[in-house]
1. Restricted to segment 61-89, and to residues that are among the hydrophobic types (A, V, I, L, M, F, W, C) and closer than 22 Å to Tyr247 by Cβ, which residue is modelled with the lowest pLDDT?
2. Just checking, how many residues over segment 34-52 are over 17 Å from Glu148 (Cα atoms), open to solvent by less than 20 Å² (accessible area, probe 1.4 Å) and in contact with a Ser or Thr (Cβ under 8 Å, 6 or more places away or on another chain)?
3. With respect to Gln63, is the statement that it is open to solvent by 20 Å² or more (accessible area, probe 1.4 Å) and in contact (Cβ under 8 Å) with a residue 24 or more places away in the chain true?
4. Among the residues that make up segment 318-325, is at least one of them at pLDDT 80 or above, of a type outside the set (Val, Ile, Thr) and either more than 25 Å from Thr202 (Cβ to Cβ) or surrounded by 14 or more Cβ atoms within 10 Å (Cβ to Cβ) (or both)?
5. For residues in segment 201-214 being outside any loop (DSSP other than H, G, I, E, B) and closer than 15 Å to Thr300 by Cα, which is farthest from the chain's Cα centre (by Cα)?
6. Return yes or no: is Tyr68 over 30 Å from Arg259 (Cα atoms), part of a strand (DSSP E or B) and either of a type in the set (Phe, Trp, Tyr) or over 18 Å from the mean Cα position of the chain (by Cα) (or both)?
7. Here are some conditions: (1) open to solvent by less than 60 Å² (accessible area, probe 1.4 Å); (2) small (Gly, Ala, Ser); (3) modelled with pLDDT under 80; (4) within 23 Å of Asp287 (Cα to Cα). Ser266 meets all but one. Which one does it not meet?
8. Pull up segment 90-118, narrow it to residues that are surrounded by 18 or more Cβ atoms within 10 Å (Cβ to Cβ) and assigned to a loop (DSSP other than H, G, I, E, B), then point me to the one that is modelled with the lowest pLDDT.
Amino acid sequence: MKRQLALLLVFILAASFTASAAGHTKGHAVQPLTAKLKPGDYVWHPEISPAGPVVVIVSLPEQEMYVYRNGVRIGRSTVSTGKKGHPTPTGMFIILQKKVSHESNIYKGARMPHMQRLTWTGIAMHAGHLPGYPASHGCVRLPVEFAEKLYLVTRSGTSVIITDDKFAPGETAEPGRLLSGKTGAPSAPALAAGRFEWHPETSPTGPVSIILSTADQQAYVYRNGIEIGRAAISTTGLAQDFGSHVYSALDKFEPNGRRKWISTASFGPARTPDIKELADRLTVAQDFLEHARTAVSPGTTLIITDVRVSAQTHSGSGFNILTTD
């Protein structure tokens, strides 16, 4: 009798595991220099860069994900993103929630192991089926093995960039100039209360994002998705059609003390802006710069954009920084 019960228990557990993993692509580790990945293939070598801020990049045209830690690529994987009628949104997001075992709130019975939520409207990264083409309802599906590994190196607030353009991430120290450039009296501020606002107490801890909008002529600082400061800026004579460009702060510095950043993604057809020119043309209150400098740390995201910062970008439970939808 005991043997029958034991066999029954093994059968139930096995059936449960099979059901939870049904249809999901297990994954297959391949060598780092493999040129062409097949569905389910991935590369994972976190030992190359054991510490530092993590940035995740998803390329929709390539159907691949790239994972950088402290500016060094530690992972690459095939993915399956949104199919026609259910596109995966492009833009810059932060991980809002993580759950090892999760079932979709929208599609009942759809299991999403190692779920990492990007929006509160149904977009997440999770293990799933990879047929070799876009097939999801908007989520970013990953091989089961890779989803588990990625889960271990990210945290709430980790930056995730989804782009529909080819990209070439590269390291640069130039964005640091934005926090050490020309200062002085800003242009007439849009803020009724004055030239700048700084309220770090509204969100004392968490990941920091800085947006510089030439369309708004404003600089915004968010911590944990909550606005803690903004300032009027002037970028007189700067072209207004350079698109949106994303950088992530590293924990490495130039000999002159300037922090290094990695250029992670660009949106729009224009080339990456000349940061030196931008810094030379930027005018902003000195006090705001001092506050902003103290907020920057490894993993801080900097976005330079020629579009307005919308209500979608401001504080709220569905925070994502910029989207091109």
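The values are calculated or read from the model by the stated rules, or taken from the named source; none is laboratory data. Predicted model, so just to flag it, every value in this text is computed and none were measured. Glycine gets a Cβ as well: all are built from the backbone with ideal geometry, and neighbour counts include every protein chain shown. What goes into the accessible areas is simple: the full protein's heavy atoms, side chains included, and nothing from ligands, DNA or RNA. Shrake-Rupley method; radii C 1.70, N 1.55, O 1.52, S 1.80 Å.
1. Initial filter on segment 61-89 (among the hydrophobic types (A, V, I, L, M, F, W, C)): 65, 67, 72, 74, 79.
Okay, now just the ones that are also closer than 22 Å to Tyr247 by Cβ, so 65, 67, 72, 74.
Numbers: Met65: 94, Val67: 92, Val72: 82, Ile74: 92.
My answer is Val72.
2. 1
3. Numbers: open to solvent by 20 Å² or more (accessible area, probe 1.4 Å): yes; in contact (Cβ under 8 Å) with a residue 24 or more places away in the chain: yes.
Taking the combined requirement at face value, the residue satisfies it.
4. Narrowing segment 318-325 to residues at pLDDT 80 or above: none.
Within segment 318-325, not a single residue is at pLDDT 80 or above, of a type outside the set (Val, Ile, Thr) and either more than 25 Å from Thr202 (Cβ to Cβ) or surrounded by 14 or more Cβ atoms within 10 Å (Cβ to Cβ) (or both).
5. At the first step, the residues of segment 201-214 found to be outside any loop (DSSP other than H, G, I, E, B) are 201-202, 208-213.
Those left that are additionally closer than 15 Å to Thr300 by Cα: 208-212.
Values: Val208: 12, Ser209: 10, Ile210: 13, Ile211: 14, Leu212: 17 Å.
Restricting to residues being outside any loop (DSSP other than H, G, I, E, B) and closer than 15 Å to Thr300 by Cα, the top hit is Leu212.
6. On the way: over 30 Å from Arg259 (Cα atoms): no; part of a strand (DSSP E or B): yes; either of a type in the set (Phe, Trp, Tyr) or over 18 Å from the mean Cα position of the chain (by Cα) (or both): yes.
The answer is no for Tyr68.
7. With (1) open to solvent by less than 60 Å² (accessible area, probe 1.4 Å); (2) small (Gly, Ala, Ser); (3) modelled with pLDDT under 80; (4) within 23 Å of Asp287 (Cα to Cα) applied to Ser266, the lone miss is (4).
8. Let us first name the residues in segment 90-118 that are surrounded by 18 or more Cβ atoms within 10 Å (Cβ to Cβ), namely 90-96, 102, 111-118.
Adding the requirement that they be assigned to a loop (DSSP other than H, G, I, E, B) leaves 90, 95-96, 102, 112-114, 118.
Numbers: Thr90: 82, Ile95: 87, Leu96: 85, His102: 71, Met112: 80, Pro113: 89, His114: 90, Leu118: 88.
Applying the filter and picking the extreme gives His102.
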